[in-house]
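Dumping the structure here so I can ask a few things about it.
Bear in mind these aren't lab numbers, they're just calculated from the coordinates by the rules spelled out. Just so it is clear, the model here is predicted, and its values are computed rather than measured. Backbone-built Cβ (ideal geometry, glycine too); neighbour counts: all protein chains shown.
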Amino acid sequence: MRPVHWIPILVILAAIVVLLALKWVGSMSPGAASEYLRQGAKLIDVRTVEEFRARHLPRAINIPLADLKQQISHHVPHKEHVVLLHCLSGGRSGLGRRVLKRMGYTRVFNLGSYRRAERAVREAEQ
């Protein structure tokens, strides 16, 4: 097999590795997140408006990933405030974390999936 045939496969594998890394960089456990929530952290759901309307957590603020840059300062004006991002699987919230870090937010974490965020909120309410 010629090396040229391997290039698309290598590109796809590299893209998968990058997406997985983005998903888990800056992530935290639901237990740690629940402690932050008890202390007043903001829980931001970066899913679409439609996804949020269909089902969302009671403490979550919906700011779709596409609008995060423009809307975050309205909901979290202080860049030192703890921000916990989540989405359906953790990929979009990982991208959102990078956006906020570039904007100067210092305490922003990727909580990951809806299920993990749900567990953190439930623990915070106990």
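At a 10 Å Cβ-Cβ cut-off, how would you order 37, 65, fewest neighbours first? Intermediate values should be presented prior to the final figure.
Details: 37 22, 65 19.
In increasing order of surrounding Cβ atoms, one gets 65, 37.
Another question about this same structure. Would you please name the GluC sites (Glu not before Pro) within segment 42-120 that are DSSP coil residues with at most 13 other C-beta atoms within 10 Å of their C-beta? Walk me through the numbers before you get to the answer.
On the way: sites: 50, 51, 80, 118; in loops: 80.
Listed in order of number, the matching sites are 80.
Do the sum for the chain: with -39,500 (n - 2.57) for every DSSP H run of n ≥ 4, divided by all residues, what is the mean residue ellipticity at 222 nm, to the nearest 500 deg cm²/dmol?
Numbers: 6 runs with 65 residues, N = 126.
One gets -15500 deg cm²/dmol as the mean residue ellipticity at 222 nm.
Of the labelled options (i) 59, 29, 28; (ii) 40, 29, 25; (iii) 48, 35, 28, which one gives Cα extents along the principal axes in Å as computed for this structure?
(i)
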